1. Just for segment 12-24: of the residues that are at pLDDT 75 or above and of a type in the set (Asp, Glu), which one is surrounded by the fewest Cβ atoms within 10 Å (Cβ to Cβ)?
2. Filter segment 25-62 down to the residues that are under 30 Å from residue 10 (Cβ atoms), open to solvent by less than 80 Å² (accessible area, probe 1.4 Å), not β-branched (Val, Ile, Thr) and not in a helix (DSSP H, G or I) and list them by number.
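The values are calculated or read from the model by the stated rules, or taken from the named source; none is laboratory data. Just so we're clear, the structure is a prediction, and the values are computed from it rather than from any experiment. Heads up, the Cβs are rebuilt from the backbone with ideal geometry, glycines too, and the neighbour counts pull from every protein chain shown. Ligands, DNA and RNA are stripped out before the accessible areas are found, and what is left, the full protein with its side chains, is counted by its heavy atoms. Shrake-Rupley method; radii C 1.70, N 1.55, O 1.52, S 1.80 Å.
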Amino acid sequence: MTSNVVSAMPVEKIVELTWERNRSTDVVEFMLNDEQEIVGRCVHPVDSLHWREFVYCAHVLAVESDRLEYLVCEKDQF
């Protein structure tokens with residue numbers, strides 16, 4: 001997501017949208033960094049992360065990021 005779109009939004013709206021995405025999945029979470037850019041990450045214990053779980057986490061992160069991009073930008077850019 002471009003930081004221009006995110007930085008033009010009120011922080012309250014960004015928090016609302018990221019909260020909405022975070023509550024519907026237990027693998028992916030979104031947050032704001034110090035530059036008010038949205039950062040997504042997968043949360044999984046590394047000690048038990050197998051290759052297939054890694055691929056699953058990467059896929060879920062991509063899907064959830066695309067959905068959040070649609071909520072923020074109101075169009076599918078990628």
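1. Looking only at segment 12-24, we keep the residues that are at pLDDT 75 or above, and these are 12-17.
Those left that are additionally of a type in the set (Asp, Glu): 12, 16.
Numbers: 12: 8, 16: 12.
Filtering segment 12-24 for residues that are at pLDDT 75 or above and of a type in the set (Asp, Glu), the one surrounded by the fewest Cβ atoms within 10 Å (Cβ to Cβ) comes out as 12.
2. 29, 30, 31, 32, 33, 36, 37, 40, 42
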